[in-house]
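Participant: Have a look at the structure that comes next, please.
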Amino acid sequence: SFDVSRPWLQRKLAREKRAVLRAVDDVSFAIPRGTTLSLVGESGCGKSTVARLSVGLYPPSGGEIRFEGQPLSAARAQPALRRRMNMIFQDPYASLNPRWRVRDIVAEPIRAFGLLRTRADIAARVGQLLMQVGLSPADGEKFPHEFSGGQRQRISIARALSSEPEFLVCDEPTSALDVSVQAQILNLMRDLQARLGLTYLFISHNLAVVRHVSDRLGVMYLGRIVEIGPVEAIFRTPHHPYTRMLLDAIPDLEMAGRARIPVGGEVPSPIDPPSGCPFHPRCPLANARCREEKPGHTRVQAPEGPVLAACHAVEEGRAQP
Ligand code: SF4
């Protein structure tokens with residue numbers, strides 16, 4: 001038994017409750033080799049948790065994550081598997097060690113995984129990686145503070161590529177950058193994907209950005225994927241009311257004749273999520289069933305492939321105007 005009147009214990013219990021309730025739930029997807037899946041949603045929806053789970057930064061408390069058929073838990077014990085996946089973070093200012101020269105930042109994974117032994121080989125590889133991301137080998141002698149935000153993100157990408165990964169998780173890689181620089185980094189990432197056959201899990205809160213880099217799109221709300229399918233199918237005909245609300249918030253987006261769902265309400269606290277469908281307090285299509293019963297995923301066939309939407313209105317055929 002616990003004496004919950006003690007403040008430190010109340011804080012501990014609140015932390016533990018938050019940790020459980022903020023965890024992602026019922027999230028299932030596969031990313032075919034050489035393609036990009038993007039996950040979007042508002043802050044606190046669980047997309048960054050999925051990003052970190054996907055590269056094994058921490059283990060899931062339930063379920064399983066597989067990389068080419070092998071459980072990701074094996075990657076922690078197998079450097080050969082671990083080096084095949086890497087992560088690019090949102091903030092290139094915080095993710096680069098300010099006291100290291102760029103050449104050492106980029107070389108660190110090469111040394112850590114023992115990919116090359118001699119100084120000359122490592123220096124040549126670092127020069128090659130810097131050129132691959134649009135920098136020059138001479139930039140390797142400089143420190144991170146000597147570069148702009150976009151150039152620092154290029155350094156982060158060179159470092160991420162230095163372990164020769166096949167799978168990259170990109171957690172909001174352009175959201176700290178100016179709009180014009182964002183486009184350059186997105187183009188670079190698409191170019192690298194085409195040249196190196198990379199597979200991306202792309203995390204963003206910006207639907208307009210993900211449209212240009214994704215093959216498939218997953219929309220997250222309060223720790224759950226509420227809609228997932230081919231990106232163009234979702235942009236053309238979003239099924240879940242939350243996806244429609246997010247798309248309607250993009251200025252100048254072609255509405256294809258459908259009614260606009262007004263943006264409204266705040267994301268509820270994940271500590272005490274709503275009953276039934278967690279989106280019901282904000283949803284204009286909510287009814288009594290929505291308030292009581294959590295919806296399963298309904299499959300809708302689009303020309304580009306199947307779309308899954310977790311919504312009673314989709315299942316009942318009353319989601320589209
Ligand atoms: Fe709205 Fe109901 Fe669909 Fe939830 S299940 S999104 S409340 S219509």
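Participant: Treating the angle as unsigned and between 0 and 90°, give the value, to the nearest 10°, between the Cα long axis of helix 179-196 and the longest Cα principal axis of the chain.
Facilitator: Approximately 70 degrees, to the nearest ten.
Participant: Stokes-Einstein diffusion coefficient for the chain at 4 °C in a medium of 1.567 mPa s, Rh from the Kirkwood formula over Cα pairs: what value in µm²/s? Let's see the in-between values first.
Facilitator: Details: Rh = 21.4 Å.
Roughly 60 µm²/s, to the nearest whole number.
Participant: Also: How far apart, in nm, are two points set 7 Å out from the Cα along the Cα-to-Cβ line at Ser175 and at Thr237?
Facilitator: 3.1 nm
Participant: Between helix 102-112 and the chain, what is the angle of the helix's C-alpha long axis to the longest principal axis, kept within 0 to 90° and rounded to the nearest 10?
Facilitator: The helix 102-112 is inclined about 80 degrees to the chain.
Participant: How about region 33-78: which GluC sites (Glu not before Pro) there are in a DSSP loop, with at most 13 other Cβ atoms within 10 Å of their Cβ?
Facilitator: Numbers: sites: Glu42, Glu64, Glu68; in loops: Glu42, Glu64, Glu68.
Passing sites in region 33-78 are Glu64, Glu68.
Participant: Going by average Cβ density within 10 Å per residue, which order do the peptides 154-167, 292-305, 194-207 take, highest to lowest? Display every interim value, and only then the final one.
Facilitator: On the way: 154-167: 21.7, 292-305: 14.1, 194-207: 18.7.
Going by the mean number of other Cβ atoms within 10 Å, highest first, we get 154-167, 194-207, 292-305.
Participant: From the mean inverse distance of alpha carbon pairs (Kirkwood) and the Cα radius of gyration, derive Rg over Rh for region 36-214. Walk me through the intermediate numbers first.
Facilitator: On the way: Rg = 16.0 Å, Rh = 16.8 Å.
A ratio of 0.95.
Participant: In a Debye calculation with equal point scatterers on the alpha-carbon sites of region 26-90 and no solvent, what is log10 I(q)/I(0) at q = 0.12, 0.16, 0.25 Å⁻¹?
Facilitator: For the requested q values the scattering log ratios are -0.31, -0.57, -1.38.
Participant: If you fit an axis through the alpha-carbon atoms of helix 119-132 and take the longest principal axis of the Cα set of the chain, what angle between them do you get, 0 to 90°, nearest 10?
Facilitator: Between the helix axis and the principal axis of the chain, the angle is about 50 degrees.
Participant: Any number yet on Rg/Rh for region 225-321, C-alpha, Kirkwood?
Facilitator: Details: Rg = 13.2 Å, Rh = 13.9 Å.
So for region 225-321, dividing Rg by the Kirkwood Rh gives 0.95.
Participant: Share of Cα-Cα pairs in region 45-130 beyond 23 Å, in percent?
Facilitator: Values: 1381 of 3655 pairs.
Beyond 23 Å sits 38 percent of the P(r) for region 45-130.
All of the numbers you see were taken from the coordinates with simple rules; none came from a lab. Just so you know, these numbers come straight off a predicted model, no measurement behind them. Neighbour counts are summed over all protein chains in view; Cβ atoms, including those assigned to glycine, are modelled from backbone coordinates with ideal geometry.
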